[in-house]
Amino acid sequence: MSINRRTLLGAFSAAAAGLAGLGNAAMGVAGSARAQEAGGRRNYRRIATEEAFSIPEVAEALGHITRTAWDVPGMRLLDMIYGEERPPLGQRFRSGLLDLAANPADRLQTMDAHGVDMHLLSLTSPGVQMFDADTAVSLARVANDRLADWVRQYPDRFAGLATFAPQDPERAVQEMERAVNTLGLNGFVVNSHTNDEYLDERKYWPILEAAEALNAPLYIHPRAPSAGMVAPFQDYNLTGAVWGYGMETGTHAVRLMMSGVLDQFPDLTVVLGHMGEAVPFWLWRLDFMGAPSRGRANKRLPSAYFDRNFMITTSGVEDPIALRYCIEKIGADRIMWAIDYPYQTTEPAVRFMNEAPISEKNKAAIFHGNAERVFGIKAA
Ligand code: VNL
Ligand code: MN
């Protein structure tokens, strides 16, 4: 433990010294304002890839749910943000989520203050997935239209992942096609289960097929665990981002690997946040226990699906040891930087990656290069 810590701190200081040197040299040549703002650090383009927003219509509909459906997992957080009496944390999340709708300059100011070039935006969890199908379909369209407006207005500051209503797979596919072909959005977000069902189920295959055909990644963002798994998370308020989100979403990813569904969609790209929702840490054991010879539905090793079909982001996990593990385990070209705005603050997320004890090349890939490639964001 102490050896690991010392080794890491050593590597960390060396990297910081190297960065300061490069930054000074770059400033001498370019003298760019943002490089100076960044305190002499190298001026990477920074694309944050899991950045949340809401719109008043969806906030209102979620507020209605908090008044009518107390029994649903994850309601405590929803009530904090969308209920009538909001504690300071809920109010802070709410203002951040609705800042684009109120005045995009507010969010841009935060981004500018910390050298963040772009937010890849997504409608915040649980998206439209708790609504009845008709409400969900129509609110998804409204949210995607609004998102596309912001992207059109600020094309080098915002990109977007479209929302759809898995409750109605056929209309979901129509909206997915519109979102990419007409609105020009960069991929899709889905907040894990829908009515306690997962995307490997046959009825959802058209959604996977559409994402693959449109060459648009599907970001599986967390929500509270489904009804069948939530019981032990209810005590101690564990359903949310502290633990429930990761277990729910990691399980969703493992279902995609172990069901064999990805044999049908070999070119689908799935993105997981939160340093891969613990799946990278489990790959060795998944392969050992989940080898095809063990007689499940998967034709390949779980890690073969993971390597072929999955990307991860650093959202909400500012741990340099976890980052270095993931770089060694799955490769820096499969990792993208994220903040998790507004749930997590911008400054520490930027500092984490600025100071990460990794190579310059890997840092550039994680800060922006991989996001440009995977989400089709124009290189600066
Ligand atoms: C939280 C974090 C919530 C990340 C989120 O969605 C999220 C949280 C509702 O800290 O409660 O994407
Ligand atoms: Mn998030």
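Where Rh denotes the Kirkwood radius from the mean inverse Cα pair distance, what is Rg over Rh for the chain?
Radius of gyration over Kirkwood radius for the chain works out to 0.96.
In terms of Cα to Cα distance under 30 Å, which lysines are near enough to Lys363, apart from those fewer than 8 places away along the same chain?
Straight-line reach from Lys363, under 30 Å: Lys329, Lys378.
Whose amide H sits under 5 Å from the amide H of Ala162, counting only residues 5 or more places off or on another chain, with H placed in the peptide plane?
Asn186, Gly187, Phe188, Val189
Check which residues have an amide H placed less than 5 Å from Val271's amide H, if you skip close sequence neighbours.
When sequence neighbours closer than 5 places are left aside, the close amide H contacts are Leu218, Tyr219, Ile220, Met311.
Report, in deg cm²/dmol and to the nearest 500, the calculated mean residue ellipticity at 222 nm for the chain, where each DSSP H run with n ≥ 4 adds -39500 (n - 2.57) and the sum is divided by the residue count.
Result for the chain, helices only: -15000 deg cm²/dmol.
Using the heavy atoms of the protein chains alone and a 1.4 angstrom probe, what is the accessible area of the chain per residue in square angstrom?
With the other protein chains kept in place, the chain gives 43 Å² per residue.
Go through segment 337-343 residue by residue and turn each phi into a ³J(HN,Hα) via Karplus (6.51, -1.76, 1.60, θ = phi - 60°); whole Hz please, and just put x for glycine and proline.
Working through the residues one at a time gives 7, 7, 9, 6, 4, x, 6 Hz.
Can you tell me the length gained on complete extension of the stretch Glu170 to Ser293, counting 0.36 nm per residue apart and subtracting the Cα distance?
40.7 nm
Bin all alpha-carbon pair distances of segment 275-352 at 10 Å intervals from 0 and give each bin's fraction as a whole percent.
18, 43, 25, 12, 2
Not counting the cut sites, what is the longest span of the chain without chymotrypsin sites (Phe, Trp or Tyr not before Pro) that DSSP labels loop and that have at most 15 other Cβ atoms within 10 Å?
Segment 71-242 is the longest.
Take segment 191-261, compute every pairwise Cα distance, and split them into 10 Å bins from 0; I just need the percent in each bin.
20, 49, 24, 7, 0
Taking only the alpha carbons of segment 230-380, what extent do you get along each of the three principal axes, in Å, biggest first?
Sorted largest first, the three principal extents are 46, 40, 25 Å.
Given a 1.4 Å probe and every protein chain left where it sits, what share in percent of the accessible area of the chain is carbon and sulfur?
Roughly 54 percent of what the probe reaches on the chain is carbon or sulfur.
Which is the longest run of the chain containing none of the GluC sites (Glu not before Pro) found in DSSP loop states (not H, G, I, E, B) with at most 10 other C-beta atoms within 10 Å?
86-380
Taking N as the number of residues in segment 52-195, what is its alpha-carbon radius of gyration divided by 2.2 N^0.38 Å?
That works out to 1.04 for segment 52-195.
Taking a virtual spin label 7 Å from the Cα of Arg92 along the C-beta vector, which residues in segment 237-262 bring their backbone nitrogen under 17 Å of it?
Zone members listed by number: 241-242.
Suppose the chain between Arg76 and Arg351 were pulled fully straight at 0.36 nm per residue; how much longer would it get relative to their current alpha carbon spacing?
That works out to 95.9 nm of additional length.
Hey, if you put +1 on the Cβ of every Lys and Arg and -1 on every Asp and Glu Cβ in the chain, which of His274, Trp205, Val137 ends up farthest toward the positive end of that dipole?
His274
Can you work out the FRET efficiency for the pair Phe281 and Leu238, with r the C-beta to C-beta distance and R0 = 30 Å, to the nearest 0.05?
Once the sixth-power term is evaluated, E becomes 0.95.
The values are calculated or read from the model by the stated rules, or taken from the named source; none is laboratory data. Predicted model only: the values in this text are computed from it and were never measured. Backbone-built Cβ (ideal geometry, glycine too); neighbour counts: all protein chains shown. Remember, those area values only see protein heavy atoms, side chains included, never the ligands or the DNA or RNA. Shrake-Rupley method; radii C 1.70, N 1.55, O 1.52, S 1.80 Å.
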